[in-house]
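Below is one structure, written out as structure tokens, with a few remarks after it.
The values are calculated or read from the model by the stated rules, or taken from the named source; none is laboratory data. All figures in this text were calculated on a predicted structure; none of them were measured in a lab. Neighbour counts run over all protein chains shown; Cβ positions are idealised from the backbone, glycine included. Accessible surface areas use protein heavy atoms only, side chains included; no ligands, DNA or RNA. Shrake-Rupley method; radii C 1.70, N 1.55, O 1.52, S 1.80 Å.
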Amino acid sequence: MAASDRLSAFLGERFAAGAVRREWPVHAEIDGQLVDGRLDLLIEFEDAFVIFDHKSFPGVLEDDTARMDGVAAQLSNYAEALQLATNKPTRGFWMHQ
């Protein structure tokens, strides 16, 4: 099964009630700093969001935790921008490798 098929199956099983949004734009000013980007994958529920970020890290799996910690601030800013625009919180973050 291809990686995209596995991801689609996972989303259907875990987040079937949500609307899947791909390459969703985010744009906001937070604490005087411009946040501007695209969410790789956004699951939208009536009351909240779940953000997925696609990453490809070279090297060994043991290094992934530190690498993922490095993108945490970016995802947090995206979540804050979504909340400012929609008044809905983000209830989860997922990394897809």
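Computed in the context of the full set of protein chains, the accessible area of the chain at 1.4 Å probe radius has 49% of its extent on carbon or sulfur.
When the helix-only estimate is applied to the chain (DSSP H runs of n ≥ 4, each -39,500 (n - 2.57), divided by the residue count), what is the mean residue ellipticity at 222 nm, nearest 500 deg cm²/dmol?
On the way: 2 runs with 35 residues, N = 97.
That comes out to -12000 deg cm²/dmol.
Every Cα-Cα pair of the chain was included, and the share exceeding 21 Å stands at 37 percent.
The 1.4 Å probe gives accessible areas that order 53, 40, largest first, as 40, 53. In this label model, residue 83 and residue 33 are separated by 1.6 nm, measuring between points 7 Å along each Cα→Cβ vector.
Fully extending the segment from residue 96 to residue 22, taken as 0.36 nm per residue of separation minus the present Cα-Cα distance, adds 25.3 nm. Taking 65, 86 and ordering them by how much accessible surface each has at a 1.4 Å probe, largest first, produces 65, 86. Counting only protein chain heavy atoms and rolling a 1.4 Å probe, the accessible areas of 55, 88 rank, largest first, as 55, 88.
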